[in-house]
1. Somewhere in the stretch A:43-61, is a residue more than 10 Å from chain C (Cβ to nearest Cβ), assigned to a loop (DSSP other than H, G, I, E, B) and touching a strand residue (DSSP E or B) at 6+ places or on another chain (Cβ under 9 Å)?
2. Going through the stretch B:321-338 one residue at a time, which ones are in a helix (DSSP H, G or I) and touching a strand residue (DSSP E or B) at 6+ places or on another chain (Cβ under 8 Å)?
3. Could you run through the stretch C:178-211 and say how many residues are in contact (Cβ under 8 Å) with a residue 60 or more places away in the chain, in a helix (DSSP H, G or I) and over 26 Å from residue C:319 (Cα atoms)?
4. Quick check: is even one residue across the stretch A:105-128 touching a helix residue (DSSP H, G or I) at 6+ places or on another chain (Cβ under 8 Å), more than 19 Å from residue C:96 (Cα to Cα) and at pLDDT 95 or above?
5. Which ranges mark the strands (runs of 3 or more DSSP E) fully within the stretch C:212-311 that have 3 or more residues being touching a residue at least 40 places away in the same chain (Cβ under 8 Å) and either buried (at least 20 other Cβ atoms within 10 Å of the Cβ) or out of contact with any helix residue (DSSP H, G or I) (no Cβ under 7 Å at 6 or more places or on another chain) (or both)?
6. What number goes with the only condition from (1) more than 15 Å from the chain's Cα centre (by Cα); (2) more than 11 Å from chain A (Cβ to nearest Cβ); (3) modelled with pLDDT of 95 or more that residue C:38 does not pass?
7. Residue by residue through the stretch B:312-332, note down the ones that are within 26 Å of residue B:91 (Cα to Cα), facing another protein chain (nearest Cβ under 8 Å) and in contact (Cβ under 8 Å) with a residue 12 or more places away in the chain.
8. Looking only at the stretch A:62-103, how many residues end up being farther than 20 Å from residue B:73 by Cα and away from chain C (no Cβ under 14 Å)?
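The values are calculated or read from the model by the stated rules, or taken from the named source; none is laboratory data. Bear in mind the structure is a predicted one, so any value in this text is a computation, not a measurement. Note: ideal-geometry Cβ built from the backbone for every residue, glycine included; neighbour counts use all protein chains shown.
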């Protein structure tokens, strides 16, 4: 299951403790459930500040020194060029040297070693392990293992099986956050009462049954009352029952829809997704008519002027290249936002996010 | 075709504009034709200054900061360890973090994405794309695509198909420039009238039909009047008709020759090349007698005392290892010069070449 | 043969000279025999200081600048994730940019180039080549070749065939050095008379016939009088005759043993090793009963309180995971020590170890 509908406060105490450090600050980043609204807002602000600071040469150089005293291991056993490069670039933004293991066949596993030993051994050279792995729960299991070592380092989950991909959900929410804020000042303002998502209608379109991204994002959005969520998909690819139940329990305003043209005019954001037919057993996806779940150029006249178009990429025909140079296309930004959000997360985990806040207020006070 | 015989000034306006920035300064580096004599001389001077500055520890550290606020993507879809490492080292010289995509099968292309989308997506994390690609024209096409984005970044062509390899031609010309200058002062002097190549005889030897390197280099040398070019190859591997016609039109002094021993004594530089038999259809190269086109140790007594021996490497038997420790062997330097020239180009593209000039004049004024 | 029983002073003069620089300081690091006791002690002290300095943020940043003006090539033709990452991390500790060639098939060798040319060419971009290669003697051969070039750079042997792996022996001895010293002050104290290994009993257990690690380490330990060495292995896997003869000649106190439980209680350190059955011709190792050569949990009551358990990893059943969180388990530290020792060696080769000493005495004087 992608998202277990739990508030962080409701995580079993044992599990909570294992993922936090002594100050009750996030230590291992494993699950989307670890992020409460305060932390999401905080990380969006830090991302935004990082992005602005990096734009000036002096600022980029300041950021370059933030984590130059640490080293990261990118343990990416499941191939993923984009997520890999996004984390690598985030390390570079903060000046943190990194190295990687991307092909398990080159590792000592061939000599009959357990994978737990491999991770424990590699962890000796580094200060954090950023991990992408095909097995559900592997990242959390490694976090627990490292907690038992005399030298403990944090694990950052870069995607584990079909299970969890918390940094993707965080970069998506940051992209919406940037789109919905009315000004730069609005994006960096600290105000626990503020809810940028209030009154907004967000549609998730396409293969909602198999995309873990949509599930995590929908889950995180329940933390913002007064948001309205539309799930637009053919019957066979609709969002899972577990999420529907959780939305019911959370009293979120949502609806299941079966036709994009019918609702696209009401949307403040559409989150397009591609058919995940690599999970097909017998090519059953081939029979689905996706024309009602694609953002074609014919729909353009119906779109709101300040609509935000998102897509986790790669895309196929569900998102017409016609929109590529439209200012409402936010999917390229969305990738770049991933780099900023991952930088913010790394800064947070190493407790240097304060230095970013500090620098921002010193140079960009308003 | 390797080199279309055009002066930069004669490039169609539309094409010109697309490759330059607003100050009419080179932005995308795609074609050898983009380099006029003033720019070649300037980049040779910057290369030379970079080389000298890097030699001192304080200088190396200064250079390390020049581009530390940028990030490069090395998109090397066509395998090439040397060109890759040369660019990587150039990035390191200037302190620019980089990352790479070297194996397209790990990228999202497997999920049915167009390569244009892949490059556009990857470009989000970086400030320049250095690209090596098997398709002719691909780098230029990507430059045009990125020009249409709201966030545009430069493309640097590291070799596209049989078409263009502008940085190789530039490093070759820099190597000759270093050899022909009479002193260090001569190499860093700015004087638009000066022509280091005047009165020099340069022989290109070997497989001139299929090596793009020789074609580009010959083309660039036409910008220096009073140079004399010899093309020494068996009939079937002689330089292409298009280059010959261009040399005629440019009124360059040149000759086609069919025997190295006959002319080697007149040469100030010989540019050796290997048989490119990987392009053979039916092993036809096997029938060619290369002994008349090899720099054997028997030729040594005939060579000028200050001859410069160049070779783009890797070599085979056409260049005897006998010369490896001879001071006239410049082919190892030639590789290292590639690192300096590529550093100079990167500095130029990001408009920080002025900082190198500045540093040089502050510390090495004479 | 793994270790030729020679003192560095006894190396043939020609060979000695070829591996040293003009100040008679180690230049190429190729053989375990190059390390005499004074140098071992010195490098252990530098490793220890590096480790302590790196622990503070300001210290880590100081170290980051030590070699930022150099570049390393990691030429790892023989796959080895751990040794590779250990050297890479050591480069990062000292701020030295690096690059690698790990797959010979991507190199120009496919174009018919000799490997000597490849190394010589690659060396143009870098200031040191750290090399792991399947052929015995290859690293030394490359060192000699580079000595003949006008631009010479050092070679650091990261493991060549079954022959030599000097940095592994050095990290092992550093691990013992840390365990046997009584205090931090004791570990960084300079005193040529001091012998931390005096009176200690060290057992080597397992496959002693085929592990080059044990052979090199045993060899280096002969430089410390009053150490006692036990070789605990089944008859067919006992330590080689050549080492035994050398121990005899060196008048070291040693014994061959055939049962671990019998001797484990006397040991101050046990160095466990796994069965190297990848060298098997016909699976003959399958017939060996390893239960008498394994550190099982049943042996725990017999162990000394301050025993040091080492293992070069990866391990199999010969070292029970039961010990993983026991403070006597030093095998995780041992890996991390490799990073410090390799940092120390790099600093030494580039003659910046003095800067580390200096920094240490300025900030941690006692």
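1. So far as the stretch A:43-61 goes, no, none of its residues is more than 10 Å from chain C (Cβ to nearest Cβ), assigned to a loop (DSSP other than H, G, I, E, B) and touching a strand residue (DSSP E or B) at 6+ places or on another chain (Cβ under 9 Å).
2. Within the stretch B:321-338, B:323, B:331, B:334 qualify.
3. Residues that pass the stated criteria total 4.
4. yes
5. C:269-272, C:308-310
6. It is condition (3) that residue C:38 fails.
7. B:313, B:314
8. Within the stretch A:62-103, residues that are farther than 20 Å from residue B:73 by Cα and away from chain C (no Cβ under 14 Å) number 1.
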